[in-house]
Amino acid sequence: MELFDKITELKNEIIKEIKEAKNLNELKLAGEKNLSKKSPLNAMMAHIKDLVGEAKANFGQAMNKARNEVTEAYQNRQLELSEAEIKEKLSKEKIDITLPSVSYKMGGINPFYLIQDEIIDIFVSMGYEVKEGPDVETDYFNFERMNIPENHPAREMQDSFYITNSLLLRTHTSPAQAHAMDEKKGEPIKIICPGKCFRRDDDDVTHSHQFGQVEGLVVDKNINFGNLKATLELFLRKMFGEKREVRFRGSYFPFTEPSVEVDISCMECHGKGCPTCKGTGYIEILGAGMVHPNVLKMAGYDPKEYSGFAFGVGIERVAMLRYGIDDIRRIYQGDVRFIEQFTRK
Ligand code: PHE
């Protein structure tokens, strides 16, 4: 009987060792020691040769039972420890959903570009091609080709940022007309030219030394003032609403003849007169006219055969009127509080 007690004692010791394993690594070591062929428990098998008959059978059974209990204890502990390990990992890696999240601010689109794109869309829908000219122009294209010869008083108004005696930052997008005509070499033209312009202006709430314009030019046979009027009325009503009255006033530009200043009825007072329109009921919105015969001639178009119209609209001016922006400088300052108010429709 002593032998059987020895088995139980050894088995209990091993099970205790297994149960006391603090982690899977310790358990592994305990397993290597006690579950292998050379384990102390298996070493007990050596005694079987001293036994006979029933005692031998009982001993074998007791040994099997002990081994099974040890294996079971090992498996249970293994399960326990793995679960504990997973639990610990989970609690360590737990995401605290009550923490305030990182907030990403949505920006906006500068109203300058919203309006520029809208103008482009309107004219593209009427079959216009978009052609950009260079920001740095020669005196020749900026003035001469626009029928503004040297010493012409119209230069004074736009006298500007010169790079050399004959190179300057363009004062209007009109020279893009001349580039387009040179490129088309006598073929019909229907283009808009969006871009930046620069003038030696005093910066105030409505003026900036840098601003954007969209130039328009149509040249073909039989283009008349009615075409100009219909085109600009359509554009301005798309831009400012169907109810806008459009008024054409005689004006002067060296590169158009006749020339007009185009006004729309005030969107605040609908023509009655208010501070927005300075009591006049109308707001000046763009310059336009029939392309001057000299401008056509300089580009190789015969003015007896071809005629055309042109217009130039200030992008910031349209943006300010459309969105009720009180100071042009807000458009350039990049203040998020301003910009984030604008998004694409
Ligand atoms: N270039 C003129 C300006 O900057 C605008 C304009 C363009 C007028 C085309 C008539 C025709 O003021």
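About its Cα centre, what dipole magnitude does the chain give when the only charges are +1 on Lys and Arg Cβ and -1 on Asp and Glu Cβ, stated in debye to the nearest 20? Let's see the in-between values first.
Details: 48 positive and 54 negative charges, 228 e Å.
So the magnitude is around 1100 debye.
In whole angstrom, and with the biggest value first, how far do the Cα coordinates of the chain range along each principal axis?
135, 48, 38
Compute the long axis of helix 53-92 from its Cα atoms, compare it with the longest principal axis of the Cα atoms of the chain, and write down the angle in degrees, 0 to 90, nearest 10.
Here the helix axis deviates by roughly 20 degrees.
Order these by the 10 Å Cβ neighbour count, fewest first: 138, 173. Let's see the in-between values first.
On the way: 138 16, 173 25.
Final ranking by Cβ density, sparse to dense: 138, 173.
If you check each cysteine of the chain for another cysteine whose beta-carbon is under 4.7 Å away, which ones come up empty?
Singleton cysteines: 193, 197.
Below 8 Å between Cα atoms, with a sequence gap of 6+, how large is the relative contact order for the chain in percent? Let's see the in-between values first.
Working: 513 pairs, mean separation 54.6, N = 345.
Answer for the chain is 16 percent.
Relative contact order for region 187-295: what percent, with Cα pairs under 8 Å and sequence separation of 6 or more? Mind showing how you got there, number by number?
Values: 168 pairs, mean separation 20.2, N = 109.
Rounded, it is 19 percent for region 187-295.
Counting only Cα, what are the radius of gyration and maximum Cα-Cα distance Dmax of region 2-92, in Å?
Answer for region 2-92, Rg first and Dmax second: 15.9, 59 Å.
Report, in listed order, any pair from 105/243; 6/89; 131/229; 16/37; 19/65 with a Cα-Cα distance greater than 29 Å. Don't skip to the answer; put the middle values down first.
Values: 105/243 37 Å; 6/89 41 Å; 131/229 22 Å; 16/37 20 Å; 19/65 18 Å.
Correct reply: 105/243; 6/89.
Aspartates and glutamates near residue 297 by alpha-carbon distance under 12 Å, same-chain residues fewer than 8 away left out - which ones?
By straight Cα distance, residue 297 reaches 182, 305.
On a 0 to 90 degree scale, rounded to 10, what angle separates helix 24-34 from the longest Cα axis of the chain?
30 degrees
What does the net charge come to around residue 284 if you take all other residues with beta carbon closer than 12 Å to its beta carbon, with K and R at +1 and D and E at -1? Present the calculation step by step, with values, prior to reporting the outcome.
On the way: positive: 247, 249, 278, 317; negative: 261, 263.
For residues surrounding residue 284, the net value is +2.
Of 149, 264, 3, which is farthest along the charge dipole of the chain in the positive direction, counting Lys and Arg as +1 and Asp and Glu as -1 at C-beta?
Positive-end residue among those listed: 3.
Taking the alpha-carbon centroid of each part, what is the distance from region 82-147 to region 216-245 in angstrom?
31 Å
Every read-out reported here was derived from the displayed coordinates using simple, explicitly stated rules and does not represent laboratory data. Since we're looking at a predicted model, the values are computed, not measured. Backbone-built Cβ (ideal geometry, glycine too); neighbour counts: all protein chains shown.
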